[in-house]
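Worksheet for the structure shown next.
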Amino acid sequence: MSVPKFYEMHRFVLEALKDGKPHTFKECYNFVADKMHLSDADRKITLGSGQKRYVNRCGWSRTYLKKAGFLTNPKVGT
């Protein structure tokens, strides 16, 4: 399986945060990767910047969910 597109992660990002408690971004992207059954090889794919591709896409998913009003950031990094 290749790394999913950011919009394919929306459901899992929301699921990771459904308890209504603040979570770190790291907790979120690890949850999403586990739920989507990303292989170790997929988790190692990096962008030119050195950031992991699945982490980047999870971040974009979170950004668009936040812009749509589904998420809030109670403080930086959560």
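Brief remarks follow.
- With the simple model of a label 7 Å out from the Cα in the direction of the Cβ, N73 to S2 spans 2.9 nm.
- Residues of the chain: accessible area per residue with a 1.4 Å probe, Å²: 66
- Under 5 Å from the amide H of T46 lie the amide H atoms of R53, each residue being 5 or more positions distant or on a separate chain, with H modelled from the backbone and absent for Pro and chain starts.
- Computed in the context of the full set of protein chains, the accessible area of the chain at 1.4 Å probe radius has 54% of its extent on carbon or sulfur.
- If you wrap the chain in the convex hull of its Cα atoms and look at it from every side, the mean projected area works out to 5.0 nm².
- Residues of the stretch 32-55 with amide N under 18 Å of a point placed 7 Å along Cα→Cβ from R11: 32-39
- Among M9, M36, the order of accessible area from largest down is M36, M9, computed with a 1.4 Å probe on protein heavy atoms.
- Backbone phi angles across the stretch 43-60, fed through the Karplus curve with coefficients 6.51, -1.76 and 1.60 (θ = phi - 60°), yield HN-Hα couplings of 6, 8, 5, 10, 8, x, 6, x, 6, 5, 4, 5, 5, 4, 5, 5, x, 5 Hz in residue order; Gly and Pro are listed as x.
- For the chain, size of Cβ-based charge dipole, Lys and Arg +1, Asp and Glu -1, in debye: 240
- Inter-probe distance in nm under a simple model that places probes 7 Å from Cα toward Cβ, at Q51 and D19: 2.6
The values are calculated or read from the model by the stated rules, or taken from the named source; none is laboratory data. Fair warning: this is a prediction, and the values are worked out from it, not measured in the lab. Cβ atoms come from the backbone with ideal geometry, glycine included; neighbour counts cover every protein chain shown. SASA here: full protein model, heavy atoms, side chains in, ligands and nucleic acids out. Shrake-Rupley method; radii C 1.70, N 1.55, O 1.52, S 1.80 Å.
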